[in-house]
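This report refers to the structure that appears directly beneath it.
The values are calculated or read from the model by the stated rules, or taken from the named source; none is laboratory data. Treat the numbers as computed from the prediction; the structure is a model and nothing was measured. Quick reminder, even Gly has a Cβ in these numbers, built from the backbone with ideal geometry, and neighbours come from all protein chains shown.
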Amino acid sequence: MALERIRDDRRFGLSAARFHDPAANDERDHQSLLLREADHRIKNSLSIVASMLMLQRARISDVEAVAALDDSVARIIAVADIHRALQVSNRPGMVRIASTLRELCYQIGHMRSELDLRCTADDEILIEARQAVPLSLIVSELLLNAVKYAYPPDVPGIITVGGRRIGGVLLITVADHGVGMPAKTSSAGHIGQTMVQAFCRQLGAAMDFNTLPPQRGTVVSIRIPLRADGAAEMASVESSAEQSAPD
């Protein structure tokens, strides 16, 4: 939260008068440098955690435990990549979402080499860091689900991630031409569904599932409302927590 506050101050807190003040420019450049360094350190720390989990995975024989570790590593990598994107971004506090989605396809695609994970997102779409993290985790969960269930083992197939702006909405899609939605998922799958629903509420997003004709494959669509400046509308954390709490 502190890092997000600094990003918001960095992006919105400078008046026009301060913008032309050399001292203010020096301060702004210093803040940018600190943020990039913080993102670099966070990315490296998360990468170390992911590597440690992969070492642990190699010593485990239980199939469900291995699957749970794979899911955890994918989630950690999803967050780490946001910080990588922030580190190299030429717009402080902003992420080019196509780059992040391509990296997710690349990383999760290693889980099943016979599958082809593709990204067709618009390269011009930029979102704020606080929006990029939940969106990246949503797409990560949807890709994990598609990799596990869309195609039988050793059967080649294509999974496509799309992203484009339609009017005042950012549309993200994850599509496959596999066997359709599973009738039953594991407990790990239920955890992933719960996470996706919570992050959608945080983004104020609507999600729907559609089966492709002729009853082959699935398209999951995430529609995120955009503000006039192009940024996604964010629901408050408190509101999301209240909706998630049991009665």
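Numerical summary
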{"read-out": "Residues of region 101-133 that turn out to be modelled with pLDDT under 95, surrounded by 22 or more Cβ atoms within 10 Å (Cβ to Cβ) and touching a Cys at 6+ places or on another chain (Cβ under 9 Å), as a count", "value": "2"}
{"read-out": "Close pairs from region 70-92: first closer than 11 Å to residue 46 by Cα, partner among the charged types (D, E, K, R) and crowded, with 21+ Cβ neighbours inside 10 Å, Cβ under 7 Å, at least 6 apart", "value": "83/39"}
{"read-out": "Total residues in region 143-163, condition out of contact with any helix residue (DSSP H, G or I) (no Cβ under 7 Å at 6 or more places or on another chain) and of a type outside the set (Gly, Ala, Ser)", "value": "10"}
{"read-out": "Region 200-226, residues that are exposed (fewer than 14 other Cβ atoms within 10 Å of the Cβ), under 20 Å from residue 121 (Cα atoms) and of a type in the set (D, E, K, R)", "value": "208"}
